[in-house]
Structures are given as structure tokens and as C-alpha cells.
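The values are calculated or read from the model by the stated rules, or taken from the named source; none is laboratory data. The shown structure was predicted, so the numbers you read here are calculated from the model rather than taken from an experiment. Every residue, glycine among them, receives a Cβ derived from its backbone with ideal geometry; neighbour counts consider all protein chains shown. The protein model used for the area step is the full one, side chains on, heavy atoms only, and it has no ligands, DNA or RNA in it. Shrake-Rupley method; radii C 1.70, N 1.55, O 1.52, S 1.80 Å.
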Amino acid sequence: MARFIARSILSTITTMLLVSMALFLLLEVGSGDITVKILGVFSTPEQRASYRAQLGLNAPAWQRYVDWLIGNDWRAAKRVGYPLVTATNPQTDEKDWWADVDGQLTRWKLEDGHLQALERQADGSTTSHLVSGKWQTNAAGQEFFWGLDNKNNAVKWVRGEGSEVWVLTKAGLRKAGDGPQEYIPLRKGLLRGDPGKSLQYGRPVAVTLFPRVRNTAILAGVAFLFIMPLALFFGIIAGINDGKPLDRFISITSLGATATPEFVSGIFLILIFGIWLKALPAVSIFLSDDAIFKDPKLIALPILTLTAVELGYIIRMTRASMVEVMDSAYIRTAILKGMPYWRVVLRHAVRNALMAPITVIMLHVNWLIGGVVVVEVIFGFPGLGKYIYDAAIFGDFNAVEAAAMLTVTIAIATRLVGDLAYTFLNPRIRYS
Amino acid sequence: MVDNKASPVLQVKDLAVAYKIRGGEIEAVQDASFVIKRGEAYGIVGESGCGKSTVAWAVLNFLGANGYVKRGQIKFLGQELTQKSKSELRLLRGDQIAMVYQDPMQALNPSMRLGDQMKEVLTIHRGISDAEAEKRCAKMLERVYMPDPVNVMKRYPHQISGGQQQRVVIGMALLNNPALLIMDEPTTALDVTVEAAVLDLIAELRHEYDTAIMYITHNLGVVARVATRVGVMYAGEMVEQGTVEEIFKNPRHPYTQGLMRCVPKLGANKSESILYPIPGRVPPPGNRPAGCMFAPRCDYADNRCQEEHPALRALDNVNVRCHLAEEIDWRQWTPTEDVIAPPAVIAQAAADQPILEAKSLKTYYPVKGSSLKDVLGLGEKRFVKAVEDATFQIKRGKTLGVVGESGCGKSTLVKTIIGLEDSTGGDVKFLGFDITGNLSTRDEQVIKELQMVFQNPDSTMNPTYTVGQQIARPIRRFKTVPNDQVRAEVVNLLETMRLGANYFDRLPRQLSGGEKQRVGIARALASRPDLILCDEPVSALDVSVQAAVLNLLLEIQQKYDTTLVFIAHDLSVVRFFSDEIAVMYLGQIMEIGPAEAIYAPPYHPYTEALLSAVPVPDPTAKQKHIRLQGNVPSAINPPAGCRFHTRCPRRNLLPNGGKICQTEIPPWREPDDEHKIFCHLPTDTLTTFEPVISKEGNG
Amino acid sequence: MEAMQSGLKLAAPPSRLRRMWKNISIIFDSRVGTIGMIMVLFWIVTALVSLFWTPYPPNATDFIQNTPPNIQNLLGTDQLGRDILSRLMQGTQVILLKTRLPWGKAILPGGVAIWGVLGSVTLGAVLGLNAGYRGGWTDQIIMQFLDALIAFPVIVLYLVVIAALGQGDLVVIVAITITGAPGVARLVRSLTLDIKTRDYIRAAETRAETIWYIMFKEILPNARGPLLVDSMLRVGYAIFAIGTLGFLGIGLPPPDPDWGNMVNEARRSIFANPLAVVWPSLAIASLVIGLNLFADGLREELSRYQK
């Protein structure tokens, strides 16, 4: 048992690490030039290069992977020379980075070659004043300074070289001179709960992801509550009637349901309930964040669609396992002991029959998540699936990475739960 | 003859059982009639495919969705069972009729505590309280000699040994004191010493509870030990029945006679006696002859036998289904020309040089621990000591038999020699080459000289390839003959195996078990090896086929001067087949020497216990009663000193109750030049042991 | 003996082709399997016919938009006025018959679903055989790698792969291969673990055969039954996945019509012409269900056959 748990945990950690690397690599190879998407196709190569630098994309891949995983504030702090901390911005409610200069939270700004310190006040507002004597000189004779700008980057400003950057503002790209030459976009890293900023929305991924996850959790949770008891019930019924008309009926129906892709069954459901019967809303447009609680009908069709596909699959698994168990020698023993039929089924067969499907069902959570993506796209349901889809289409790799890691974590966690449930049900493992 | 106080419990008359299959049905049982009385053990014997088990299922009316009783009656305590409804049957099952079958591990629910599985028999049928049921179950477990019953009831099946599982199953069957107990090969999956203890238990319980027992087995020795009356089944029919003494003393049906002739007697050997296989095989249901079922395989069959189906009829004290029963005298039987000529006494090999020599051979397997430490690789390394200090040699052209119960290391020993396992220590020389390493370290020439024959006919051949392809592979691999002669060589080998060239293009699934085993031997012979290791080559075969395969092995040994290592758990077969025998227990060779020396005193105490456990196919033989206590200890932590000391029944012959056995490794006693015994008991004491088997009257 | 031999000579040994047909024909013993086979054959025939003839050019916008079925357009027209039947027929080709290579107009015979499944079966079989037969560290590493792959929700993996490599037939094949391989590998591994305990494998080992000979000549052929059934199911999954990708707008690129994409496009005018959604949906469902039924029947018959 201890061995089993230790193994599971070790393997989970390795798996997660592998997955994170693979994911990072894939997006690294593939996502193309994201700056084209953000700046538009008419941006010049020079503008794009400048913007890439501001996103920290010119750092080597391994460096960005480490940053992404465990953050880079510790690295930046060494350059800046002060501890880096976060403080809440009262206007946006998001966290900002500050350098802790002897107790005073400070950021800097270079204006016309003059360095200004922005100091955070207790109420969250800032005051600025000119500072001097901060510039250092390196071997090449450059005058430079490492500090924090007001966009949460650690920045290396170089004086006197006249280097220019393109800054993206709400009004478009603007040229700023005499400026920063190296950027470290500050982040705490995935392991510390900060997956970075969404490239599409410019807001922290963690903030935008949360309501989506909640909506999907409700959708999948309710579907799961529907599916499990129904699936186990029908699976067991079909299993004990192996080969009889009832079994044939349940098997073929569930086969049909599983083999029909979600977007097909979803559309049929829309046609039937949304267009012909006009009983349920055909799309799940959320007018407010908590629409899901105000109008539960919104998720009726998405749930039905998910149920249709998953129900069939789990019925088939349960049925197969039940048939096998009912054919086993110990069930024969129980029958020949003169046990009543339902006692044989419920006390002797069901527990053994559930062992095999439980792990498979838990593995199947991957498919469920896949189904969730499609269902959310069909119904316009603002959940995790649609989030991944939108982010992937845009190439918002910060968002894709975060959301994908989340789904992977869910998948692995459920698998772990499945393994544990299996251990619990199977005394052969529990007592060895 | 009819005992008044013994009333019939089960009366089966003219029973026929059929299974519906696509496009028709097959009659698995065509005609079976018998009566079992209270307190009687009725043995049903026959080879596989004869319908023995089907009779048992029919009694319980548990024939699956497609089986049904086609004809005949089954009366249980006067009530007709075939007419009973499902719910009436349910009330009888487990209460009045109980059943025990072959594999106890499969028969027990793996995810339910043993106590719960036992208790429900009482709470459902008798409606008694849980606490009361618990008490009765504990008592029953005690009754079947289960150590620590209260604790065992809290365990799951996989936590106790196979022998103990079978005790639980038997105890469970007896809880409601059933009138009829059906046992279908209940000891076949067990080791011989465990089997002996279970058989003792069955006999004891039969006397105590006065239960009627229907005992199904293929093993004539077991029948002779447990049954009072015997029915012999062949191809779905009862062909002979009578008291066990009568059947064994004077078998009337040619099939029964054939069965008796093809098993070696314990103590018989190849130079003095011959095994006579029954030619042909049991006809499958659906393809059975019109006349006597046995006619195609019978030496006596005449025209009438081919055409007219014989009925079961009374003759003297037995019932027999044979037209010619009166005329046949089985003592006058001579083998027909088809039977392989008995091999002459093995010629003395020219040189007495040993072909294989092992000194202190050790094979350990590392075991994976289950604690957290072990997972992280910090734990102490532990080993299964599968073979410990094996020292022996084999001379060219001879056969070394290795016997022992499961887990004694005999298979590991063979795997180490052939190179499937690495040896851990010691020294092995084969034809002068060192073969302590595994196959990857060996020279092609050595590999080719060492081949193996396997146990299970169903897995010995690759189902994908034809017989010819599989035998040709080693020939091509080792280039024993030029490429253009491969086919001729394969045909030659097939003919040596008496299979004929037409087997060349057959696939394994078209062969019978015996034929597959012969192909397996042909494949082993194909590289013309000097030494063939046979791992239980006949133990999965029916007795009549077993004899044929053994004869073939003897023949090829003669023809090619091949040396054999022969592993088996059947002591009669090993005795018959081997020149020298090694007895193994828990990884250690306990006794080694010429075959005749092993089977007569002086013995090692373990050999003595093994011999006294073997079921002898002779109800009149007197066998010493020695039973081993407890289970075989784990090979990870084998007992210190003598590995057998925890179970040795002879230990107390030593001063101090054998304290020395617990601490010191025993010396090799050498009562003879070639005969060695690994025991603290001095040779003089060992010599005083009486022979295990003595026959009454004409030995 | 002689008579027996001559008797056997008369009955010539069955040719390979005959044996194969005998193996295939067991499917007719299963009603479910036969129905499945008919459904699959229907689409294969449709695909073959579409190579030479479709009612109209599938991409020609010659008709009135969104008309219901009529004599001219048996299944109606879509939102751009194209003949749905022609598009449906042409759509079978990329799935079952041809793969468009990115170099010029080069075409590879065998559809995207077929190649994707072949890819995952090949990759999975190699990994599974090695993991199962070698055991130990090899097994640990391969299984760890596969666990990581399995942990990816399939759709997310598709999205990421396609986001990374862009749209294209080959990309879809790669995506199907990657997502399918772990399942095949697990299956092959468990079959291998079973088969490797057989005595004929010991026999091969005692002949000191190479590890590749044992894996591919002794083990793999005996796994082909379950592997065939699994592949059949996988072709179904692949078509399912291609449809889903098409629906999400990231599937097989134009000009060939893609069933999933047809559903997606018709969805926008679902109120005007609901049937335009129904046809391609039915096409996908029937092909996938057919393959599933076929595989189910095959599995049932194979297990009966082996008994």
C-alpha cells in the first residue's frame, strides 16, 4: 500500500514535469510570431522585434521555461539589487511588482534621460521624484541601471546610446527613445500560482481563468452526477442479462450514443429542444457572471449533450466487466451456495465488477474534457473548454499553457483518485 | 450387498445432457446411471472430455444458458430434481447439496472476507443470527484443521495458502451438513502432500457427517484412496461401475483395463515394466461412433462392437458396458503390433563421463520490497533463494529426475542450466564448457546442445505458425542441415515422433494435446542436442496420452543417446522414467541417488513423507501414514539450519528434540556410494525406517 | 498411414487467400458485425464512386442557397448554394482514400483516418512490445512517457499540435498518431505480458533468438486479433476526431469538403435549413457506428473462435 502510494506520487510528479516540458516545447516550436497577432499584420519587423523583447521572448527557451515554471523575480531581484515584492493595485485589483528599497516600495521611469523614482504610498497612489547617482558603468563604458518599470518588468536602462523601443499603448504603437534595452517580465511562475499574463487580453491569466473554471466545474459536475448512477445501473442491468433482448437494446443504444460525436448529438439536441420544441435555450450566452445560478436552463442542453456521449461509454465498460464477473467461478460458487439471485448480483458481483471500470472511467476524464471543449464551443458556454479553444486559436500561449496544465492536473488527479478507489475496492492490493 | 441402513441419497438414471450450439446441439453426456447412498463416496473417473463434470452440473441443474437435461432422471432423496423450479433448487443448493471444485482460489470471492462468505451460507439458509453463524463457522474451520480460525475469518482469500483455501471451501460446503457433497477434482491443483492431507480430511468428514460424496477425478490413485464405489466414464457414458476393490482387482471393460495399464505403478521402472498407451483419442461429442464408443480404440473389438451399441449390464458384482466382457481376461492381454516395442534396458554409455556437472549452484532472485524505503531503493536488498547449493552430475545417455512440490526450485534449477536465469554462485560445466552465465554469455555451440521440452501443450507451440515452420526454425537457426534439406529433416523428425509428414502444414489448433507435446519434443530434437531438459512434459496430459509420450521420450533417448533432465511432481512417473533422482525441498536438494535407492529406505524424512502422500492406484496397498504439518516457509527467509526442520516429522529422533536441526546445516549422509541424504539423522537411524508402501498378499 | 497421406494429398492445402477469406468470413456469424460491415462498405463504395463521379462539382456554387431536398439536389443545397450530396460524397475521400501532401499536388493513397491509425498502431506496437517484453527500466520509462501523453486531454493535444504545426492533412495524421499511440501501446503491452509467459517464447529464448525476432515474429503475430479489433475502433475514433476538428474549424483544409466543417458552416443557418446540418452529421455518425459495430462483431467472433 505504502509502495503503491509512493509510486503514484512519484509518477505523478514526473508525469507533470514531462507534460509541462512537452507543452512548452510544442508551443515553442509552433505558436509562430505572436507579435503579428497582437500588433497586427501592418507592424514593421523592427516594431515586432522591440515588442518581442518587451515580452521577454528573446531570452533562450530553457530560461523562459524555468521562468514560467518557478518565476523569475528571484533572478531579477539580483540584477536590481533590492528585494521584489507584490502589492495590490487599488484600481485594477491586480497585483503589481515593486522593489522594496529600504522599506519604500519603488518603481522607476526614464524620462528624457532622467531617472525618476515612483514611490508607492500607503493608499496605493504614487509620488515621483528625480533620482541620481544610480547609474553604473560597465566594462564597455555604458551607463546602465537595472530597475522596475510601471508595467511589471525588470528593465535595464542604458543612458546615452539613444536606443529606441516601440511601446504599445491603447492608441497604438508609440516610439520611446533613450530607453530600456533588456526586459524581464516579472512573474512568480506556475508553481507559485502565477501563470503569467494573457497575451490576448493583457490581464493575468489566473484572473480570467477562474470564472471559466467555475462554470465548467458546474457543467461537468452536474453531468457527472447524472451519468454515474445511470451508467452503473444500466451497465449492471445489461451485464446480468447478457445476450438477452434487454442487453442488446441497452448495448446498441449506448454504442450509438458513444459513436456519435458531441457536435452531432449537440446539434440534434438543439434542433429538437431548441428549434422544434422551443423548450430550452439553444445557446448558453451568459449575460452576467452568475447567470448560471439565475437561469439553470442555460446549461440543460450542454449537460444533455455531455451525458449522451459519456453515458454510453461507461455503460459499455460496466457491462463488459459485469459480464466477465458473472461468468467467474466465485459467482458460480455463490449461486451453488444457494444465495438469492439479487444477493449474488449485489454482494458478490457488483463490487468486483466495478473495479475494472473505475480506473478506465477515471482515465476517460480526458475524453470528458475533450467533450467539454466541443460542447462549450457549440453552445457558446463560457467555460474552460472555450477558453482553451479561443486561446489556442489566437496563439495566446500563456493562456493555453495555463489552461492545458490545469486540464492535465485534473486528468492526473482523477486518475490518482481512480487508482486509490481501485486500491480501496481491491483487497489484494490493500493488504499487500 | 444392499446395506439396509444406507438409503440412496442420489439416484441418477439414464441421464443425457445436451448443449445447444449454433446449428444443432451436442450431447456431452449420453447415458449415465448410478446411485449414491448415505455415507458412501462414489468416485467418477475418466479422461478429459468424457463428461464427468457435466454429470455434476446436471445434478445441480447448473448447465448454463444453453445446456439442459435431455433424458433421464435425477432423484435426490426421492425428489425429482430435473422438474424443480429455480427457487426450489436454490433452497437445496448450499443446504442439502453442496459442491467443491478444482481451483479454490477461483472459487472464493476475492473481495469478500472469508468469514462473510462462510456466514451467509448459514444466515441465508438457516436464518440464524450473525453472531451465532460466526461461532459455527469458527467451529467448522477448527474442524477442518484450520489454524487460528477466528483470525482467518477476517482475512481475504489471497491471504491464505491454496491448501487452506480448499479447507475453507470444504468447511463452507459442510456448514449445513448437506446430504450430498459433490467434489469435482478438489485436489488436482494442490501439491501431493497437501492433497494427501485434504483427502484424509474428506474421508474423516464422510464418516463423521455420514454425507454422500460424489467425487470426480482423473487420477486413479485418488479414487483408490477416497472412493468406496467407482464409476468409469468414457465419451459421455458410464462404461463400468462397481466397488473400488473389484474394479481395481478385476477391471472388466477394456477401457478401464487400458487406463490401469498406462499409469506406472509406484516403484516400477522402465527396465522392468512397460507403459501401454491406449491408441487414438476420446471421440468428441458430435462425432461419436454408432456402435460401442470405445470400439475404435479397443483391441478386442469385432463387428458387433462396431455396429451395436452395448448397454450397461450386470456381470458378477459389477456393471459393465461391453459385449465381450465375459470373454476378456485382462491378465492374458498382449500388446498389438501398433504399440511401441518396449525399449531394452538402456545400454551402458561408453564413457561414464558426466555430461553436466554442477557444484554448489545457487540462484537467487531479488525481491521488490513494499515499504517506502524499498521504493526509493534505500531498503535492504532481499532475495528469493530459489536454488541453494545444488551439487549433482549427469552421465551421458542417462536421465536425472528432479522431484519436489511447487516452489521447491526445480523449475529454477532447469532455467539456470538452460540459461534463462543467471546463476548467483557456484559452478556448472556442460561438456567441459562453463555455463554459469545466462544465454547471452554462451557460445552458439553450447546453446544448440541444450534444449528444452515444456509442460503446457497449449502454450508450447506458437499458434501462428505451422508445425513444419516451428520445427524447421531451430534447424535453420543452427544450420544443422543444408537449407535444401530442411524439409526432409523436419519430416524425418515428425516420423520419429510418429506423426507423419502430413502434419507439416497443420496449425497447432488442429492438434490434440499429446500431438502438440510431440511436436514440442521434435522441435527440441531439431538442433540435435546432447541434453534435453524436460519440465513436466506429461503432467498436463491425459494418462493414456502420457504413456505414449513417455514411451517416445524413451525411444529417442535410445536412438540419439540423448541425456535427459526430467522434472515432474508425479513420483511414480519420475521413478519409472529416471536413472537417478534428486528430491528438492525449498531450494535445497535433500536426497540424491539412483532411482531404486530413493524409493526404498534409507530415506530422507521429506522423501518418506512425499512417498507416503502419493495416491497409489491400488486400494489394497498399505501405505504408511505420514503427514507434514504447516505450510512451506517463504524462500525469502528460509529456516536456518536444515530448511526442512520446521515440518520434519522425524526430528524428535535426535537428542534434544532435534535442536541441532534449527541451527546447523546438516551433513551429507552417504549410505551408498552414489546415494546421498542431507540430514542430521545418522545413516543407521535412517536405515531403520520401514518401507512406505507394503502390499497385502501378492506384492 | 499411407491411405491417410494420399487422402490428404487430394485435398490441396488451402491457399493463403482462402485462409484469409475464411478468417474474414467469421464476421457473418455475427448479425451486429454484418450490419456494421455493410455500413462501412457503403461508405467505401461511395468514396470509390466519388473518385469518378459526383452529381455536380462539389465546390461549384451553382444553385440557390439553402434549398430543401428536391429532384435536382437530392439532399438540398448549403448556405453557399453548393450541392450537399456531391460534397458529402467527395468528403469521404480525404477520410478514407487519399492524403494530400504539402508538396505540390502530390497525393498519397489511403485516407487521413487510415494513415493516422496505421501510425498509432505502428508506434504503439513498437513501444508496447518493448515495454512488455523487456520489462524493468525500459518498461518504466516507456510507461512514464505514455502516461504523460495520456494525461493530455485529447482535444487539447489536437489544439496544441495544430496550433503548433498549422492545418494540413499530415498534421491531422500526426495528431491522430500521437493521441492514439498510448492506447495501442497499453493494449500491446498487456497482450505481450500475457504472451511472453507462454512456453513457445521460452523455446525461442533457449534458441538465443534476437530480441527483435522474439518481439516481432513470435509475439506480435499472436496479438493481431485484438489489435485488428482495436484498429477498427480507432479508425472510428479517428473519423470522430477529424469531424470534431473540422467542426472546430481546424481540421482538414479546403478545397476538399470536410464533414465536420460542413456541420459547422451549416450551423450558422440552422434556422433556415436544418437539414443541411443533419446530412453530414448522419454521415459521420453512421460511419463511426458502422465501424464500432463491425469491431464489436469481430471481437465477439474472435473470442468465440479462440474458445
Flagged in segment B:232-243 as β-branched (Val, Ile, Thr) and either in contact with a Gly (Cβ under 7 Å, 6 or more places away or on another chain) or buried (at least 24 other Cβ atoms within 10 Å of the Cβ) (or both), in numbering order, are B:232, B:239
Within segment A:361-376, restricting to residues that are of a type in the set (Val, Ile, Thr) and in contact with a Gly (Cβ under 8 Å, 6 or more places away or on another chain), the one that is farthest from the other protein chains (Cβ to nearest Cβ) is A:361
Those residues of segment C:252-275 which are more than 22 Å from the chain's Cα centre (by Cα) and either within 8 Å of chain A (Cβ to nearest Cβ) or surrounded by fewer than 24 Cβ atoms within 10 Å (Cβ to Cβ) (or both), in sequence order: C:255, C:264, C:265, C:267, C:268, C:269, C:270, C:271, C:272, C:273, C:274, C:275
Filter segment B:490-501 down to residues that are open to solvent by 20 Å² or more (accessible area, probe 1.4 Å) and part of a helix (DSSP H, G or I) and give me whichever is farthest from residue B:554 (Cα to Cα). B:501
Hits in segment B:66-102 (condition: assigned to a loop (DSSP other than H, G, I, E, B), among the aliphatic types (A, V, I, L, M) and crowded, with 18+ Cβ neighbours inside 10 Å): B:81
Checking residue B:432 against (1) on the phi > 0 side of the Ramachandran plot; (2) in contact (Cβ under 8 Å) with a residue 12 or more places away in the chain, which test does it fail? (2)
Test residue B:417 against the criterion of being aliphatic (A, V, I, L, M), in a helix (DSSP H, G or I), open to solvent by less than 20 Å² (accessible area, probe 1.4 Å) and touching a Phe, Trp or Tyr at 6+ places or on another chain (Cβ under 9 Å), and give yes or no. yes
Breaking point among (1) assigned to a helix (DSSP H, G or I); (2) under 30 Å from residue B:507 (Cβ atoms), for residue C:208: (1)
Hey, among the residues in segment A:32-54 that are open to solvent by 30 Å² or more (accessible area, probe 1.4 Å) and more than 21 Å from residue A:183 (Cα to Cα), which one's farthest from the other protein chains (Cβ to nearest Cβ)? A:42
Cβ pairs under 8 Å, 6+ apart, first in segment A:115-135 and assigned to a loop (DSSP other than H, G, I, E, B), second small (Gly, Ala, Ser): A:124/A:87; A:131/A:117; A:134/A:147
Of those in segment B:317-337 that are out of contact with any helix residue (DSSP H, G or I) (no Cβ under 8 Å at 6 or more places or on another chain) and surrounded by 12 or more Cβ atoms within 10 Å (Cβ to Cβ), the residue modelled with the lowest pLDDT is B:335
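Each row is one residue, and each column tells you yes or no for (1) open to solvent by 60 Å² or more (accessible area, probe 1.4 Å); (2) over 28 Å from residue B:78 (Cα atoms).
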site	(1), (2)
B:104	no, yes
B:110	no, yes
B:113	yes, yes
B:116	no, yes
B:125	no, no
B:128	no, no
B:131	yes, yes
B:138	no, yes
B:142	yes, yes
Subset of segment B:456-465, residues part of a helix (DSSP H, G or I), within 8 Å of chain C (Cβ to nearest Cβ) and touching a residue at least 12 places away in the same chain (Cβ under 8 Å), comes to B:460
So which residues in segment C:85-110 are farther than 16 Å from residue C:45 by Cα and of a type in the set (Gly, Ala, Ser), if there are any at all? C:104, C:106
Between a residue in segment B:520-538 that is within 12 Å of chain C (Cβ to nearest Cβ) and any residue that is of a type in the set (A, V, I, L, M) and in a loop (DSSP other than H, G, I, E, B), which pairs come within a Cβ distance under 6 Å, given they are 6 or more apart or on different chains? B:522/B:497; B:536/B:568
Which residues, taken from segment B:422-455, are within 11 Å of chain C (Cβ to nearest Cβ), in contact with a helix residue (DSSP H, G or I) (Cβ under 8 Å, 6 or more places away or on another chain) and among the charged types (D, E, K, R)? B:444, B:448
For residue A:274, state whether it is closer than 18 Å to residue A:317 by Cα and within 11 Å of chain C (Cβ to nearest Cβ). no
Looking at C:94, C:156, C:112 in this structure, which one is open to solvent by less than 20 Å² (accessible area, probe 1.4 Å) and free of Cβ contacts under 8 Å to residues at least 60 places away in the same chain? C:156
Return a yes/no flag: does segment B:346-365 have any residue that is at pLDDT 60 or above, among the hydrophobic types (A, V, I, L, M, F, W, C), open to solvent by less than 10 Å² (accessible area, probe 1.4 Å) and in contact with a His (Cβ under 7 Å, 6 or more places away or on another chain). no
Considering only segment A:86-96, state which residues are under 28 Å from residue A:20 (Cβ atoms) and open to solvent by 50 Å² or more (accessible area, probe 1.4 Å). A:95
Restricted to segment C:159-170, and to residues that are within 21 Å of residue A:391 (Cα to Cα) and more than 10 Å from chain A (Cβ to nearest Cβ), which residue is least open to solvent (accessible area, probe 1.4 Å)? C:168
Please work out which one of (1) open to solvent by 10 Å² or more (accessible area, probe 1.4 Å); (2) over 19 Å from residue B:361 (Cα atoms); (3) in contact (Cβ under 8 Å) with a residue 40 or more places away in the chain is the condition residue B:592 fails and give its number. (2)
Which count do you get for residues in segment A:326-343 that are buried (at least 19 other Cβ atoms within 10 Å of the Cβ) and within 10 Å of chain B (Cβ to nearest Cβ)? 10
Only one of C:249, C:236, C:243 is over 16 Å from residue C:78 (Cα atoms), assigned to a loop (DSSP other than H, G, I, E, B) and either within 11 Å of chain A (Cβ to nearest Cβ) or open to solvent by 10 Å² or more (accessible area, probe 1.4 Å) (or both). Can you tell me which? C:249
Looking at this structure, is residue C:228 surrounded by fewer than 21 Cβ atoms within 10 Å (Cβ to Cβ) and in contact (Cβ under 8 Å) with a residue 40 or more places away in the chain? yes
Of the residues in segment C:276-296 that are more than 16 Å from the chain's Cα centre (by Cα) and not β-branched (Val, Ile, Thr), the one that is most open to solvent (accessible area, probe 1.4 Å) is C:282
Please state which of the following conditions residue B:177 fails to meet, knowing it meets all the rest: (1) more than 10 Å from chain A (Cβ to nearest Cβ); (2) not in a loop (DSSP other than H, G, I, E, B); (3) not hydrophobic (A, V, I, L, M, F, W, C). (2)
Return yes or no: is residue B:646 exposed (fewer than 12 other Cβ atoms within 10 Å of the Cβ), modelled with pLDDT of 85 or more and within 30 Å of residue B:148 (Cβ to Cβ)? no
